[in-house]
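Since the structure comes first, as structure tokens, the remarks are kept for the end.
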């Protein structure tokens with residue numbers, strides 16, 4: 001039979017189509033080609049600042065702890081009392097005795113607390129002392145030889161705006177989180193949980209979130225320079241404005257909390273009242289603290305300080321108005337207490353007074369604090 005050219009072309013087309021589908025079937029049978037990862041590009045050595053940050057975190061993180069606060073719940077049917085988690089926060093090891101520093105607001109309202117160390121070792125914590133006026137608290141754990149090394153201390157008096165800082169804490173319950181930033185400002189004043197101002201506070205842009213409270217703020221040498229305590233944020237999360245209680249304050253307050261369970265300050269030996277101080281100060285056109293009375297046998301009496309008296313005609317004769325202590329302006333009792341906390345019993349405090357319209361300077365020997373009972 002003679003094959004026509006049209007038939008030949010048709011046969012070739014059919015053959016090509018059949019071959020295509022046959023090849024497709026064979027490919028399906030064989031499976032897809034192997035997935036080959038792309039080659040990795042070598043990165044070289046880490047930058048010097050990266051290595052320094054990594055080493056800082058490795059050295060400091062064992063001293064940072066995770067704090068879980070507890071609250072008691074009573075079963076109304078069985079009357080059984082159990083403790084359940086209430087909140088979380090951060091803290092750090094202060095000394096080899098197992099003392100842990102954190103914020104007072106972290107443990108506020110809690111019936112107990114548990115401290116978790118790096119490696120998930122957990123210990124019940126005992127409350128040692130609280131200073132609401134500085135938002136600081138001290139706990140203690142009995143970890144024996146398992147206590148991590150204490151956090152190295154630095155200074156806050158010589159900090160400079162712009163130097164690097166590092167915060168380690170447990171934001172939102174995520175333990176041992178590192179954030180970095182700089183000292184954004186110095187000398188800030190914020191309100192403590194007691195309403196009293198905390199002075200010389202450090203402002204930083206290192207991310208501080210809920211759960212970071214009580215954790216350490218470190219300098220580039222890995223030394224403690226502050227305790228992270230508050231943030232300014234409309235949303236409740238980090239907005240780049242965080243605050244830390246300066247370490248110079250912490251190093252003055254914490255030993256007192258360990259020794260006495262509270263802040264102890266020397267006494268001037270006078271009685272004052274903010275409302276009367278404001279009234280008299282307004283009349284005189286000057287801010288200060290009015291002395292209502294002077295304690296017999298006190299350093300204030302020996303220095304000749306004058307209290308408020310009633311004249312024979314029934315009028316009130318204002319006493320001395322304290323306007324400065326050791327060069328620090330004094331506008332309220334809180335200011336007076338803050339100035340006295342920098343001194344020890346037996347030391348001399350230099351006071352500037354307003355007396356009968358004249359400025360007078362005197363030195364007063366400070367007295368030991370009164371006992372609790």
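Might you check whether a residue that is within 20 Å of residue 293 (Cβ to Cβ), surrounded by 19 or more Cβ atoms within 10 Å (Cβ to Cβ), touching a strand residue (DSSP E or B) at 6+ places or on another chain (Cβ under 7 Å) and in contact (Cβ under 8 Å) with a residue 60 or more places away in the chain occurs anywhere in the range 316-335? Scanning the range 316-335 turns up no residue that is within 20 Å of residue 293 (Cβ to Cβ), surrounded by 19 or more Cβ atoms within 10 Å (Cβ to Cβ), touching a strand residue (DSSP E or B) at 6+ places or on another chain (Cβ under 7 Å) and in contact (Cβ under 8 Å) with a residue 60 or more places away in the chain. Can we say residue 280 is in contact with a helix residue (DSSP H, G or I) (Cβ under 8 Å, 6 or more places away or on another chain) and under 20 Å from residue 356 (Cβ atoms)? Criteria not met by residue 280. Among the residues making up the range 60-96, those that are outside any strand (DSSP E or B) and either surrounded by 14 or more Cβ atoms within 10 Å (Cβ to Cβ) or modelled with pLDDT under 90 (or both) are 60, 61, 62, 63, 75, 76, 77, 78, 79, 80, 94, 95. Every test in (1) part of a strand (DSSP E or B); (2) at pLDDT below 90; (3) surrounded by fewer than 21 Cβ atoms within 10 Å (Cβ to Cβ) is passed by residue 292 save one, and that test is (2).
Going through the range 189-206 one residue at a time, which ones are surrounded by 18 or more Cβ atoms within 10 Å (Cβ to Cβ) and over 13 Å from the mean Cα position of the chain (by Cα)? Matches in the range 189-206: 196, 205.
Restricted to the range 342-356, and to residues that are at pLDDT 90 or above and within 20 Å of residue 278 (Cα to Cα), which residue is surrounded by the fewest Cβ atoms within 10 Å (Cβ to Cβ)? The qualifying residue surrounded by the fewest Cβ atoms within 10 Å (Cβ to Cβ) is 355. Note on the range 159-235: enclosed strands (runs of 3 or more DSSP E) holding 2 or more residues that are without any contact (Cβ under 8 Å) to a residue 60 or more places away in the chain and over 25 Å from residue 116 (Cα atoms) are 177-191, 197-204. For residue 314, the test of being assigned by TED's automatic domain parsing to the domain that holds residue 283 and on the phi > 0 side of the Ramachandran plot is passed.
Criterion applied to 165, 138, 115 was being crowded, with 21+ Cβ neighbours inside 10 Å and closer than 12 Å to residue 68 by Cα, and the one residue passing it is 115.
Just to be sure, is residue 339 farther than 20 Å from residue 275 by Cα, crowded, with 17+ Cβ neighbours inside 10 Å and at pLDDT 85 or above? No: the conditions fail for residue 339.
State whether the residues of the range 295-314 include one that is assigned to a strand (DSSP E or B), surrounded by 16 or more Cβ atoms within 10 Å (Cβ to Cβ) and modelled with pLDDT of 90 or more.
no
The values are calculated or read from the model by the stated rules, or taken from the named source; none is laboratory data. Model, not experiment: these values are computed from the prediction. Heads up, the Cβs are rebuilt from the backbone with ideal geometry, glycines too, and the neighbour counts pull from every protein chain shown.
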